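The values are calculated or read from the model by the stated rules, or taken from the named source; none is laboratory data. Because the structure is a prediction, the values reported are computed rather than measured. Neighbour counts are summed over all protein chains in view; Cβ atoms, including those assigned to glycine, are modelled from backbone coordinates with ideal geometry. The accessibility values were calculated without ligands, DNA or RNA, using every heavy atom of the protein model including side chains. Shrake-Rupley method; radii C 1.70, N 1.55, O 1.52, S 1.80 Å.
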Amino acid sequence: SIKAIESSSKEDDTTWLTYWVVYGVFSVAEFFSDTFLYWFPFYYAGKCLFLVWCMAPVSWNGSQVLYQNFIRPCFLRHHQTVDNVLGNLSTKA
C-alpha cells in the first residue's frame, strides 16, 4: 500500500490506501497494547471515534494527518532496509 501511495500515478485509491496503512499500523500497535487499554473507560468508544476520524471525507482526516506527519517520514528513512530484508527473504524462500 505504501508503494502504491508513493508511486507517480495518483488515483482515487490513494485515499483508501492511506487509510489502510494507518489502520494497519494502528492494528499492530493495538495488538500489543489492547490488554491494558481495554480497562480504560470508553476505550472502545474512543477507538470508534478515532477510526471514523480516519475515514472522514475531509482534507484533515486522521489518515492523511497521521500518514503525512508520522508514517511517511519513518517509511522514507527505512524503506531501503525493509526492501533489502524482504529481498533476502524471498531469495531464501
Could you list all residues from segment 52-93 that are at pLDDT 90 or above, open to solvent by 90 Å² or more (accessible area, probe 1.4 Å) and basic (Lys, Arg)? Arg77
For segment 15-38, name all the residues that are within 19 Å of Val58 (Cβ to Cβ) and open to solvent by 90 Å² or more (accessible area, probe 1.4 Å). Trp16, Trp20
Looking at the structure I just gave you, is Leu49 part of a helix (DSSP H, G or I), modelled with pLDDT of 90 or more, more than 25 Å from Glu6 (Cβ to Cβ) and hydrophobic (A, V, I, L, M, F, W, C)? yes
